[in-house]
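What follows is one structure encoded as structure tokens, with my remarks underneath.
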Amino acid sequence: QKYGYYHCKDCNIRWESAYVWCVQGTNKVYFRQFCRTCQKSYNPYRVEDITCCKQTRCTCPVKMRHVDPKRPHRQDLCGRCKGKRLSCDSTFSFKYII
């Protein structure tokens with residue numbers, strides 16, 4: 001799971017997402033995300049790691065993207081879980097609980 005930056009060329013809308021699913025050890029994206037305005041699907045134009053550490057107050061010399069786990073996941077715009085019963089955030093956490 002990575003953090004991605006998106007841009008819809010038709011609507012000129014930009015968004016970011018912490019639900020970018022890549023091949024392990026690479027930035028090759030498995031699932032596209034949909035633009036909330038025109039519903040066209042896109043791959044991110046840039047992908048980066050979500051966190052550099054597990055600490056609440058990060059002291060790493062190189063800061064990476066930290067995400068807000070309380071922010072709701074837009075299942076209707078996600079290529080991985082659109083139209084499915086469970087969303088990515090539920091599926092992802094079950095994988096580590098079991």
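Points to keep in mind about this one:
- Candidate residues Asp10, Asp49: accessible-area rank, largest first, probe 1.4 Å: Asp10, Asp49
- Across Lys84, Lys40, the residue with the most accessible area heads the list, and the full order at a 1.4 Å probe is Lys84, Lys40.
- With the simple model of a label 7 Å out from the Cα in the direction of the Cβ, Lys9 to Cys60 spans 3.2 nm.
- Burial order of peptide ranges 11-18, 29-36 (average beta-carbon count within 10 Å, highest first): 29-36, 11-18
The values are calculated or read from the model by the stated rules, or taken from the named source; none is laboratory data. Quantities reported herein were computed from a predicted structural model and do not represent experimental measurements. Neighbour counts run over all protein chains shown; Cβ positions are idealised from the backbone, glycine included. Ligands, DNA and RNA are stripped out before the accessible areas are found, and what is left, the full protein with its side chains, is counted by its heavy atoms. Shrake-Rupley method; radii C 1.70, N 1.55, O 1.52, S 1.80 Å.
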